[in-house]
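Structure record follows, encoded as structure tokens.
The values are calculated or read from the model by the stated rules, or taken from the named source; none is laboratory data. Computed from a predicted model, the values in this text were never measured in an experiment. All Cβ positions, even for glycine, are placed from backbone atoms using ideal geometry, and neighbour counts span all protein chains on display. We work out accessible area using only protein heavy atoms, side chains counted, and drop any ligands, DNA or RNA first. Shrake-Rupley method; radii C 1.70, N 1.55, O 1.52, S 1.80 Å.
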Amino acid sequence: MPVVEVDPDELRRLTGHHEKEDDELKDDLFALGLEYEGDTEDGEFQLEFAPDRLDRLSVEGVARSLRYQYGDDRGVYVPDTNDPEWTIEVDESVPDERPYVTGAVVRGLDLSEDALDSIIQLQEKLHATMGRQRAKGAIGIHDLTMLKGQSIQSSDEPSGETASQAFEESERGPRNSITYRGVDPEGDTFVPLDSDQELTPAEVLEEHPTGEKYADLVEEYERFPAIYDDIGLFSFPPVINGRRTEVSEDSRDLFIELTGTDQWTVDRMCNIICYALDARGGQVEEVEVEYSDRTLLRPDFDVDTKRVPHDRIETMLGIDLDPDTVEDLFERAGLDAEVEPTDDSLQYAVDVPPYRVDVLHPVDLVDDVGRAYGFNELVPRYPEVSTVGGRTDESELERAARNVLVGLGFEDLLNFHLISHEDNYERMRVEEGSDVLGGAEAPTIREPYSEEYELVRTWALPSLMMVLENNTHRSYPQDLAEIGLATAVDDSENTGVAERRTVAGVVARHDASYEDAKARLQAVARNFDVDLETPPTDHPAFIDGRVAAIEMDGEEVGVVGEIHPEILVDHDLEVPVSAFEFRLDALE
């Protein structure tokens, strides 16, 4: 989950609630769904939150949400914008792989060190989430005073324009233009950030640390994306900006440009940046984006409208609300709502501000109403049914297996079911589509917010290896186990996905061996009175000759063995690891 570092003093200043103690702020943040994870060395809060609320990736966004919660702000807020003085011209030479661009100008800022750090953090967090590590969208922020745009002035007799249109254009006065275009990898040079040497784009990818990190995003392009002003190249998206336009505490006017593979994505990322700078006292100014077939005015601050029935709100929250109260709760959530009578009920037309990229469905609106009402204020009650709940046979089996594993000394874990393609396959030396355990084709998320959660895992061992990787600073032995979900694409299923519960365990210590994992596996089998056989087999995640298939009551259900050294090195582990994984239903 994304973790954001927030200065509590900045929160107090931006919310206007200087009387709030740290403990009060933590409680208020928890009510918003932001979990306090600890403090940094500088005393900043480390806050973990669900990755859907990308507008809270900065202290400015968190403060905005708190002001709504405190009742200081209400309803939809859209910043005022000035008319455009700058244009981004999109040249035909722009690489087809990255054709979209957007931008904005923000003037009149007074950037302190804290404000500058917050904007940089927001930029990088947006890159990591919505921008998919800059692959889908990348942000460049520049000192506007260091740009020299090519002057654009309408002619006295513009072709195809009416007299009124020509007058309106002339009234706007001269404008400045920059160009988004493609550049030859060995073409024009510029001085990138954190460097004092003139480099071509190709040399940046080879010699600059940031270039090396993001080289895979563009190295296959015939022409690289680049942004020019009248002086020359000043931005090499999505890799690095030029040093000439570097932002500092002395910068007052900023030019923001975003490039990517999808217009909607870069526009929404731009909105979040603009709202954060607006909270810092900046004046947003529009920018024209001129494609060959259309001209866009950005940032796109259009308000979206969603609808939700009144009875759906009451049913999901389990409380009775009158329409006036619902409208009030929407306003306290930063939304605007208007009652729309229908034939048999009421519904609300809800205006959603342009920075809320998470509101996709009526359920999202119900969640906002619930948070504004206060989930802690909901009174638990028994449902009006005549039956009594109880555990299913599957749940009882899982509970029994978990108790056995804990009794054997394993620490019981609950990991995320979403995982990256690299962690599920490449880092475990497993080829997607192979017939080994974990090699099945995984269900993928069409539009993941982060590449860390792009598919549903096909086995649990990768998750356990990641836990070991994140705990190398802790003492050994580390015996970890998990009973959780594993999936595979299966056209014979109604959903197209086969789901199963899987049992996995790892033994990490200086002398961990195949025998250690097998001994624990045998103890599990004895507890459930199943016949266990372990014939030799092959699996790329395990050492050859130190791996066996798991057969229970004559059916192959998993694998046990010693983890391959390449996997240990890739996960920064300095001790051997033995492991097993098998289907839970084999214990029935």
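How high is the relative contact order of segment 242-323? Use alpha-carbon pairs under 8 Å, at least six apart in sequence, and give a whole percent. Write down the numbers at each step before the final one.
Values: 35 pairs, mean separation 13.9, N = 82.
Relative contact order, segment 242-323: 17 percent.
Relative to the longest principal axis of the Cα atoms of the chain, the long axis of helix 362-373 makes an angle of roughly 90 degrees. Ordering PRO443, PHE234, SER475 by Cα displacement along the dipole of the chain toward the positive end leaves SER475 in first place; charges were set at the Cβ atoms of Lys, Arg (+1) and Asp, Glu (-1).
ARG252 exposes around 100 Å² of accessible area when a 1.4 Å probe is run over every protein chain in place. Farthest towards the positive end of the charge dipole of the chain, among the residues VAL3, VAL62, ALA548, is the Cα of ALA548, using unit charges on the Cβ of Lys, Arg, Asp and Glu. For ARG399, ARG520, the ranking by accessible surface with the largest value first comes to ARG399, ARG520, using a 1.4 Å probe.
The residues ILE543, ILE483, sorted by heavy-atom accessible surface at 1.4 Å with ligands and nucleic acids left out, run ILE543, ILE483 from largest to smallest.
Using a 1.4 Å probe over the heavy atoms of the protein chains, calculate the carbon and sulfur portion of the accessible area of segment 223-345 as a whole percent.
Values: 1960 of 5020 Å².
Solvent-exposed carbon and sulfur of segment 223-345 make up 39 percent of the total.
Counting only aspartates and glutamates at least 8 places from LYS518 when in the same chain, those with an alpha carbon closer than 13 Å to its own are GLU533, GLU551, GLU562, GLU581.
The spread of Cα positions in segment 1-69, taken along each principal axis and listed from longest to shortest, comes to 30, 29, 18 Å.
Ignoring ligands, DNA and RNA, how do TRP264, TRP86 rank by accessible area with a 1.4 Å probe, largest first?
If we order TRP264, TRP86 from most to least accessible, we get TRP264, TRP86.
Wrap a convex hull around the Cα atoms of segment 500-588, take a quarter of its surface area, and give that in square nanometres. All intermediate terms of the calculation are to be shown ahead of the outcome.
Values: hull surface 22.6 nm².
Projected area, direction-averaged: 5.7 nm².
Across all directions of projection, what mean area in square nanometres is found for the Cα convex hull of the chain?
Numbers: hull surface 136.9 nm².
Average of the hull's projected areas for the chain equals 34.2 nm².
For segment 22-33, putting each phi into the Karplus relation 6.51 cos²θ - 1.76 cosθ + 1.60 with θ = phi - 60° gives couplings of 4, 5, 5, 4, 4, 5, 5, 5, 5, 5, 7, x Hz, in residue order, rounded to whole numbers and with x for Gly and Pro. The H on the amide N of TRP86, modeled in the peptide plane, is under 5 Å from the matching H of ASN176, GLU288, each at least 5 residues off or on a different chain. Of the whole protein surface, HIS421 contributes about 50 Å² of accessible area at a 1.4 Å probe radius. Per-atom-type breakdown for segment 450-541 gives carbon and sulfur 41% of the accessible area (1.4 Å probe, protein chains only).
At 1.4 Å probe radius, can you tell me the per residue accessible area of segment 286-403 in Å²? Each step should come with its number before you reach the end.
Numbers: 6970 Å² over 118 residues.
Here the per-residue accessible area is 59 Å².
Under the convention that each Lys and Arg Cβ holds +1 and each Asp and Glu Cβ holds -1, the size of the dipole of the chain around its Cα centre is about 820 debye. Projected over every direction and averaged, the convex hull enclosing the alpha-carbon atoms of segment 280-324 yields 6.9 nm². Pairs of Cα atoms nearer than 8 Å and 6+ residues apart set the relative contact order; for segment 220-372 it is 18 percent.
May I ask you to work out the translational diffusion coefficient for segment 188-244 at 4 °C, viscosity 1.567 mPa s, via Stokes-Einstein with Rh from the Kirkwood sum over Cα pairs, reported in whole µm²/s?
Numbers: Rh = 11.1 Å.
Taking Rh from Cα pairs, D becomes 117 µm²/s.
Within the assembled protein chains, the solvent-accessible surface assigned to SER513 is about 30 Å², based on a 1.4 Å probe.
Rounded to the nearest whole Å², what accessible area per residue is found for segment 519-588 with the 1.4 Å probe? Per-residue value: 46 Å².
Beta bridges assigned by DSSP with both partners in the chain are antiparallel in approximately 85 percent of cases.
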